[in-house]
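The values are calculated or read from the model by the stated rules, or taken from the named source; none is laboratory data. Computed from a predicted structure; not experimentally measured. For neighbour counting, all protein chains shown are included, and Cβ atoms are generated from backbone atoms with ideal geometry for every residue, glycine included. To get the accessible areas, we keep the full protein, side chains included, count just its heavy atoms, and leave off ligands, DNA and RNA. Shrake-Rupley method; radii C 1.70, N 1.55, O 1.52, S 1.80 Å.
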Amino acid sequence: MAILGTLLKNKRAGETGLAWNQPTLAGPQTLTLTSADFVHGGALAPAQAGRKAGGGNVSPALAWTGAPEGTGQLLLVIQDVDSPTSAPFVHCVALLEPGLTALPGGALNADSPAEGVRLLRSGMGRGYLGPEPIKGHGQHRYVFQLFALPAAVTRAAGGAALDSARPKAVLEGVGGPSLARGRLDGVYER
């Protein structure tokens, strides 16, 4: 597998396809997004990695401030901008109740999400998928993006039901610009 990673070393999705760069998710205000488990630009713990990378698929604890009054729902999107794919790989999409200000570690577990968390489809399955970069591909950046939306998302683009829609359709189904947004980047390498 390390040979494949080496061959694909220069193939990276890049930041262009991040949810962060979608006009419907641009916001005039800033949310402060932090984690007790890693600092911005710092390494994610091995426990937060995917099972194939020797981890436990445990989502990191997250906390935020700055959600403006009138927030109807929070949208959390986690993407790998260094995946050797045409677009960043989606590791999690979740809708959060607007009153939440934090998620404990493991809150995005597919089998038992925290109260106030609705997990949608990601790149593979549902719930948090920890980092599993190809061996030899180098360091990958995982971008945790939180958006304060003015209204709850009820349908994906094209009218698809949220629970069965692909992440791209969910993101395109957001009705307008977010009220605020925050970003926290972590890295992982194996």
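Residues in region 116-173 that are open to solvent by 10 Å² or more (accessible area, probe 1.4 Å), among the small types (G, A, S) and either in a strand (DSSP E or B) or free of Cβ contacts under 8 Å to residues at least 24 places away in the same chain (or both): G116, G125, A157, G158, G159, A160, A161, A169, G173. A67 fulfils the conditions (1) in a loop (DSSP other than H, G, I, E, B); (2) over 21 Å from S178 (Cα atoms); (3) open to solvent by 20 Å² or more (accessible area, probe 1.4 Å) except for a single criterion, (2). Going by what's in this entry, would T65 be described as over 14 Å from the mean Cα position of the chain (by Cα), of a type in the set (S, T, Y) and at pLDDT below 95? Here the answer is no, as T65 does not meet what is asked. Test of understanding: among A102, A94, which residue is at pLDDT 95 or above, within 13 Å of L76 (Cβ to Cβ) and surrounded by fewer than 18 Cβ atoms within 10 Å (Cβ to Cβ)? After applying the criteria, what remains is A102.
At pLDDT below 95 and more than 13 Å from the chain's Cα centre (by Cα): which single residue out of G42, G72, G14 fits that description?
Working: G42 fails: at pLDDT below 95; G72 fails: at pLDDT below 95.
Selected residue: G14, the only one of G42, G72, G14 that is at pLDDT below 95 and more than 13 Å from the chain's Cα centre (by Cα).
The residue of region 13-46 that is least open to solvent (accessible area, probe 1.4 Å), among those that are without any contact (Cβ under 8 Å) to a residue 12 or more places away in the chain and within 23 Å of E189 (Cα to Cα), is P46. Please tell me if A169 is among the small types (G, A, S) and within 16 Å of the chain's Cα centre (by Cα). The answer is yes for A169.
Residues in region 88-97 that are within 15 Å of K168 (Cα to Cα) and either of a type in the set (S, T, N, Q) or part of a strand (DSSP E or B) (or both): F89, V90, H91, C92, V93, A94, L95.
Among residues that are under 13 Å from the mean Cα position of the chain (by Cα) and crowded, with 23+ Cβ neighbours inside 10 Å, G186 is included. Just one of the listed residues (L74, L95) is closer than 21 Å to A19 by Cα and in contact with an Asp or Glu (Cβ under 9 Å, 6 or more places away or on another chain), and it is L74. Looking only at residues of region 72-87 that are assigned to a loop (DSSP other than H, G, I, E, B) and open to solvent by 20 Å² or more (accessible area, probe 1.4 Å), we find that the one that is nearest to G138 (Cα to Cα) is P84.
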